[in-house]
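The values are calculated or read from the model by the stated rules, or taken from the named source; none is laboratory data. Since the structure is predicted, the reported quantities are computational estimates derived from the model, not experimental observations. Please note: Cβ atoms are built from the backbone with ideal geometry, for glycine as well, and neighbour counts cover all protein chains shown.
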Amino acid sequence: MQINQAIITAAGKSQSHLPLQTVVDRSGEVRTALDLLLDEVTGAGIDEVAIIIRPGEEDRYRQSLNGATPKLTFFEQHDPRGYGDALLRARDFCNGDAFLHMVSDHSYVSKTHKSCAAQLVDVARREECSVSAVQPTRENQLAFFGVIGGRPVPRATCLYEVNLFLEKPTPTVAEQSLIVAGQRAGHYLCLFGLHVLTPTIFELLEKTVQQLKPGEHANLTTSLNHLAQTERFLATELQGVRYNIGEKYGLLIAQLAIALSGEDRDRVLTELLELLAKN
Amino acid sequence: MLVKNSTVGSTTQRTPLIDIICSDDPAVRNLSLDEHCAALSREQLLAACAELDLFRRECHNLYQRVRALFFLYAIHRFHLPRQLQGRECGVIPFGGYENLLARRFSEAISEFLAEQVRSGPSITLSSALATAYHRLAFQTLADQVRKSVRTVKGNQWMFRTGHPEDLPLRIRPDLLVIDGNGQYPVLCERTSVRMDFSHSGWSDIFFLGMDFPEGARVINASINLAVKGRHSRPEPPIETALRVIDEPVLRLTSIDLDVTADVRSMSEVYDFARDYLGLLKAAVIASGLVPPGMEGCDLGIEAVLTKLVGPGRGLEIVSRVNDIPKGSRLAVSTNLLGSLIAICMRATGQVSQLTGALTEDDRRIVAARAILGEWLGGSGGGWQDSGGVWPGIKLITGSIANEDDPEFGVSRGRLLPRHHVYSGDEITPAARQLLQDSLVLVHGGMAQNVGPILEMVTEKYLLRCGDEWRARHDALQVLDEIATALKAGDIERVGKLTHRNFAEPLQKIIPWCSNRYTESLIEQCQSRYADDFWGFWMLGGMAGGGMGFLFAPARKVEASDWLEQTMLLTKRELENSLPFAMDPVVYEFAINDAGTTAELKNDKSMPRGYYELVVPALLRQDIQSLSPARRRELERVGQLCRDNEPANNELAERLLDRILPGIAKKQAEIAVTVESLLAENGFDRIAHAHIREDLLGGRLGLSQNRLPATAKIEDVSADDIVDARFTPPKGLVKTAEDALAKGQVAVLTLAAGVGSRWTQGAGVVKALHPFCKMAGRHRTFLDVHLAKSRRIGEMYGKYPTHIVTTGYMTDAPIRAAVNAIEYPGSVIVSRGKSVGLRMIPTARDLRFAWEEMPQQLLDEQQEKMRQSVRAALLGWARTAGECNDYVDNLPMQCLHPVGHWYEVPNLMRNGVLQKLLQDQPGLRYLLLHNVDTLGAAIDPHVLALHMTSGACLSLEVITRRIEDRGGGLARVDGRVRLVEGLAMPNEEDEFKLSFYNSMTTWIDIDRLLEVFGLSRGMLDQQDVVDEAIRRLGRRLPTYITLKDVKKRWGNGQEDTFPVSQFEKLWGDMTAVPEVDCQFIAVSTLRGQQLKEQAQLDGWLRDGSAAEIEKLCRW
């Protein structure tokens, strides 16, 4: 399976500033969240990236970049009609190949030498199908994520056959249709914000967008669900953690996680302890 | 059969009873226990019990364990006692009894069995074992059903969510769209109720559906209702509303129960009995808004609301039931719960549809939550009860549990059944219309507790009692035929089938589901409409409340009017005998083809009746203290009242009625009536004042009822009693037979009380309750007593005079009944001349009754409810004023009889005895008995024992069984006497006593007069008689008791209040030194009393009813 392109969506109303937030990376360098995402992409061996942005944002994005970056193409989302519509704008960019998709309001911390995106792309290349990264998440967080339902792939570790995607389900709904064998009670496999998708997704998204009534928006989860009904779709748990930098204290927690996994771990820990002792 | 017994781990002979329990072959599994045990000897039964007990301890399969427990219960209750003649007396270990009360049933059983090993089997011990096995079986069942409810997918998370920070629900954004007036939209849900064609012999009991899914089948229809003469057209009778408000409170309002409250703390949400909002609170919890896992989280409700609806906001939930009275048998409360849960789940996105009808998956999760809500509220319905949430007519069936179900491996069936909604092709619109054109749906006015019936059904199912098991299959056949008739559009046939269902299988399984009222209505319908009366239709658990009568469509309208009148007239005839909660009503109905539906009301209007309830309270507040939204809502209501729209004029009128109610006049009327009743019935105001003073001063009270702690209570020895349980010597009986032939004996039936326990304080005349069918028709207690005297009269040629004592409440109805009964002898009514006025109890006595006196611990949820009710009652007692007169009820319910001791002196005081002795100078003996001692009859053997002893009083005692609480025969400080349970200085003392007081007393009239200091000739001297009675009365203790009294209000609603009253009791005559007493041990059959209707089934099944019938001539 050819995976040479990546698409990052950053056109959401409250999202456009998020990738431009600065954090200190594992090596102690000050960088933007977007830089870190691009590191993920290049770590996966991909050197062409499309970023979907709000109109007029391209300059800000370009100015925020530091050092070597992959080849970037910006797509402006005029007349926005939702997340699914944003992704659809980069259809031609992918040349009919499978692609890596990342959301711009997440930050990833890998627990191995391989980036999270690289781990995912490896699985997709091996299995030759769409794969979404997932993370077991407590039910009280369901209101913030898309969730998969399915079953473990026999004789494979952390790999699941997906038969259902639901966006932000209530635990009542989740318990009835999204329980995956092997998970702890009250835990569900929530989307990680990283997907490798086959080009079929664009056909499904296009159909969805065409059927939209005025004022309606296309989300991605519905089309992912259709894709799972159409062809083989897997989900995998990665050796890493995602942090939603768009929620309250999200950036702070992401920063702490990055710092605690990097060179300044002892210093940050010491500062934290001191902070705790003083308050 | 040799099988490997996996639980014991050895190869053993599996006994036939265990084979019945474990077999996969229905032919073996469905064998009847009774038929199997009929031929077994005592030793074989005891051996079977030992094996069953071992099996139930080691068996891992819940349903096999439960069946073994019921087998053990039935053997100890029905089979062993027949084989234990001569081994009646035994001792019940007090420790075992304490364990029983504390719901430690297994420990109780172990103690009783240890005693059985020590002292051998006895009827007494078997009664204790039967009770313990029975309760353990039901506890095991209830625990399992509750566990299943918790493990239903979609319910589990609520038990894991323990803190508001964990709450995963959020209000749907649609409900947060605020308008220019600061008002949020109102989500309104309208729900129908369910009407069942057949429940196949109560097969909708959860346990039956889970154990016998093949036999769990119900057809029911969702219907809209209108009360004839009150509403214009049928509408969904349940309406609920939900909206966001601008105050951080949970505002709950029940329009029909006339109550609203702002809940501010989490603990209030779980306090169900604090007010009438228990059902709304259960819905809030079961829908996950405040999940059950948060119970005990000591925070304000604001913490939850902040998560759910946002900071500074709250939720308001309103319910309204459209004037449908309680006891309608249409599952109104379950469907109301379903409606409330549905609206809460819609609002938080837990079901897919915000408005419109629900999908099948949504309905199933709502039904599962409704079951959870019922459990939380300490009640329980059947699995078909949420039927109003579904549309149209449907077949609901149990389903076999498969691997994906949490029930798999535990029970054969699933907790939730399958619903098949009949399409228009299956049951045509024409057939549905014909059903509506022929069925007259009514509420007969009776509101009864169906709980005991459901327990009986479960028990009989598990024991596979032969007749009942066949009837269950018959009921299944009837259901199939009803479905066929509906599909064929043959509604006349439906009527015939529902009629047969009621007359045959249902009454075969549970005879108590019918009553004289219902049967009288059916007879009148048959007589008036002949072939145009298509049949009777029992709704729900029992007849008397919600019922249906099918007529040819051409006559339906006329029949509906006629039935309304006929029900009212029949009710008037029987209202003293049966517990009616209200006047009967006739409904108009229509099948609801939508099920529960919701709409988002952008006009922000709340359900009818809401403003009348809340506006008066708002007007009493400072306008500045109201939230902006409430101020604007008041302005809006003001504007509506000023409009000239007819609907708004009506609102203005109703509002005015609420603001200026006419209550003062009504209270005055009640006070006058109580006063006049007291004056009529010989109320002693001075004595009443003394009792109040003593109560307030702590000189009287429940704790003061007891004998001094130093009193020595011992069991009697064999020499202290005369045994009448064996064949008398020849010649002894002859004396008595001669006395009977000479008319020396009369019967005195005590019927002055109303039998509070019999109808839980409903205030009907127990003597006139048509409690059981004998010789083909319902008979009252009085019927049975007179039938026994009739038989004696036929045998000895002289019909004994029968005296029935009455009180202020029972006198007129009993006189009317006596006049209507044909009895060849003389029947005299002796009216009581003493009455008391009930008082608000003291908090001290309430606490003593609840904390110091032994009582059955209830299961977890019911116990919580009870504690909550008790807290509310303590508050009521303090607010209403301890020891104040209790006058806030119907006048008759405010008075009380003053104890059965007075009933004999009353004969002297009211001239009955004097006249009787003048008319029958040869009369020498009276047989006094309680109205509920059905076996008490003139027995020449016992009479002879009394006559030959020369005693003043001969009191009959029976071997104690565990249910015989309330005193007994004891040696107290050396004197053999009866001791009331109230007077026992120590609970444990009662368990030393072998004999229980049946109250049946043989009286030597002349010797009794001597005790009073009187003679036959002095009975005409009223002053002397009065003084003699007063003198002896002063020597007897006065007991304070708490009685439950029902107060009815609204549409069949009832509240029960404990009230204080005093009594003097007949048994204390045995403590008077100059009364020469003899104690005669008689058979249990002769002395047992029927105190509660739940006893009836056992009484019928153990052969007691048949034996009583042998004593009667009708």
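Quick look at the values:
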item	result
Options B:Tyr270, B:Tyr276: the member that is in contact (Cβ under 8 Å) with a residue 40 or more places away in the chain and among the hydroxyl-bearing types (Ser, Thr, Tyr)	B:Tyr270
Exclusive hit being part of a loop (DSSP other than H, G, I, E, B), free of Cβ contacts under 8 Å to residues at least 60 places away in the same chain and of a type outside the set (A, V, I, L, M, F, W, C), set B:Pro708, B:Pro729	B:Pro729
Unique residue being surrounded by 14 or more Cβ atoms within 10 Å (Cβ to Cβ), modelled with pLDDT under 80 and over 22 Å from B:Glu247 (Cβ atoms) when the list is B:Asn644, B:Asn648	B:Asn648
Within segment B:147-181, tally of residues that are within 10 Å of another protein chain (Cβ to nearest Cβ) and not in a helix (DSSP H, G or I)	11
Tally of residues being away from every other protein chain (no Cβ under 14 Å) and among the charged types (D, E, K, R) across segment B:360-378	1
Out of B:Leu463, B:Leu434, sole residue that is under 33 Å from the mean Cα position of the chain (by Cα) and among the aliphatic types (A, V, I, L, M)	B:Leu463
Checklist (1) modelled with pLDDT under 95; (2) surrounded by fewer than 17 Cβ atoms within 10 Å (Cβ to Cβ) applied to B:Val91, failing item	(2)
Of all residues in segment B:878-899 being among the acidic types (Asp, Glu) and either farther than 26 Å from B:Gly755 by Cα or part of a loop (DSSP other than H, G, I, E, B) (or both), the one that is modelled with the lowest pLDDT	B:Asp888
Criterion: buried (at least 20 other Cβ atoms within 10 Å of the Cβ) and in contact (Cβ under 8 Å) with a residue 40 or more places away in the chain - qualifying residue of B:Arg217, B:Arg251	B:Arg217
Candidate set: segment B:828-877, residues that are of a type in the set (D, E, K, R), outside any loop (DSSP other than H, G, I, E, B) and modelled with pLDDT of 85 or more; chosen: the one farthest from B:Glu963 (Cα to Cα)	B:Arg831
Pairs with Cβ under 8 Å, 6+ apart, first in segment A:133-158 and more than 11 Å from chain B (Cβ to nearest Cβ), second assigned to a helix (DSSP H, G or I) and not polar (S, T, N, Q)	A:Ala133/A:Cys116; A:Ala133/A:Leu120; A:Gly146/A:Leu220; A:Gly146/A:Leu224; A:Val147/A:Ala174
Strands (runs of 3 or more DSSP E) fully within segment B:378-495 counting 1 or more residues that are touching a residue at least 60 places away in the same chain (Cβ under 8 Å) and buried (at least 18 other Cβ atoms within 10 Å of the Cβ)	B:393-397, B:439-443
Lone unmet requirement of (1) closer than 29 Å to A:Ser130 by Cβ; (2) surrounded by fewer than 15 Cβ atoms within 10 Å (Cβ to Cβ); (3) modelled with pLDDT under 95 for A:Arg232	(3)
Residue in segment A:110-120 that is within 29 Å of A:Glu48 (Cα to Cα), out of contact with any Asp or Glu (no Cβ under 9 Å at 6 or more places or on another chain) and assigned to a strand (DSSP E or B) present	no
Of all residues in segment B:309-319 being surrounded by fewer than 24 Cβ atoms within 10 Å (Cβ to Cβ) and more than 14 Å from every other protein chain (Cβ to nearest Cβ), the one that is farthest from B:Ser254 (Cα to Cα)	B:Gly312
Criterion (farther than 30 Å from B:Gly968 by Cα, surrounded by 15 or more Cβ atoms within 10 Å (Cβ to Cβ) and at pLDDT 90 or above) met by exactly one of B:Val716, B:Val614, B:Val674, B:Val637	B:Val614
Hits in segment B:284-308 - residues which are buried (at least 24 other Cβ atoms within 10 Å of the Cβ), more than 12 Å from every other protein chain (Cβ to nearest Cβ) and touching a Lys or Arg at 6+ places or on another chain (Cβ under 8 Å)	B:Ile301, B:Leu305
Flag for B:Ser328 being within 14 Å of another protein chain (Cβ to nearest Cβ) and not in a helix (DSSP H, G or I)	no
First in segment B:1083-1100 and more than 15 Å from B:Pro770 (Cα to Cα), second anywhere and of a type in the set (A, V, I, L, M) and surrounded by 23 or more Cβ atoms within 10 Å (Cβ to Cβ), Cβ under 6 Å, 6 or more apart	B:Thr1084/B:Ile958; B:Gly1087/B:Ile958
Residue in segment A:201-211 that is within 18 Å of A:Arg138 (Cβ to Cβ), buried (at least 20 other Cβ atoms within 10 Å of the Cβ) and either away from chain B (no Cβ under 14 Å) or touching a Ser or Thr at 6+ places or on another chain (Cβ under 6 Å) (or both) present	no
Residue within segment B:1-22 that is surrounded by 15 or more Cβ atoms within 10 Å (Cβ to Cβ), hydroxyl-bearing (Ser, Thr, Tyr) and modelled with pLDDT of 85 or more present	no
Those residues of segment B:224-260 which are under 27 Å from the mean Cα position of the chain (by Cα) and in a strand (DSSP E or B), in sequence order	B:Leu225, B:Val227, B:Ile238, B:Ser254, B:Val259
Looking only at segment B:350-359, and only at residues there that are surrounded by fewer than 14 Cβ atoms within 10 Å (Cβ to Cβ) and within 12 Å of chain A (Cβ to nearest Cβ), the one that is nearest to the chain's Cα centre (by Cα)	B:Thr359
Enumeration of residues in segment B:755-807 that are out of contact with any Lys or Arg (no Cβ under 6 Å at 6 or more places or on another chain), in a loop (DSSP other than H, G, I, E, B) and surrounded by 23 or more Cβ atoms within 10 Å (Cβ to Cβ)	B:Val765, B:His769, B:Pro800, B:Gly807
B:Gln621 in a helix (DSSP H, G or I), out of contact with any helix residue (DSSP H, G or I) (no Cβ under 6 Å at 6 or more places or on another chain) and either surrounded by 15 or more Cβ atoms within 10 Å (Cβ to Cβ) or not hydroxyl-bearing (Ser, Thr, Tyr) (or both)	no
Residue satisfying condition, being out of contact with any Phe, Trp or Tyr (no Cβ under 8 Å at 6 or more places or on another chain), in a loop (DSSP other than H, G, I, E, B) and closer than 22 Å to B:Leu358 by Cα, within set B:Ala594, B:Ala590	B:Ala594
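Every residue, every condition in (1) buried (at least 17 other Cβ atoms within 10 Å of the Cβ); (2) more than 14 Å from chain B (Cβ to nearest Cβ); (3) assigned to a loop (DSSP other than H, G, I, E, B); (4) modelled with pLDDT of 90 or more, yes or no:
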{"residue": "A:Pro169", "(1), (2), (3), (4)": "yes, no, yes, yes"}
{"residue": "A:Gln183", "(1), (2), (3), (4)": "no, no, yes, yes"}
{"residue": "A:Tyr188", "(1), (2), (3), (4)": "yes, no, no, yes"}
{"residue": "A:Ala218", "(1), (2), (3), (4)": "yes, yes, yes, yes"}
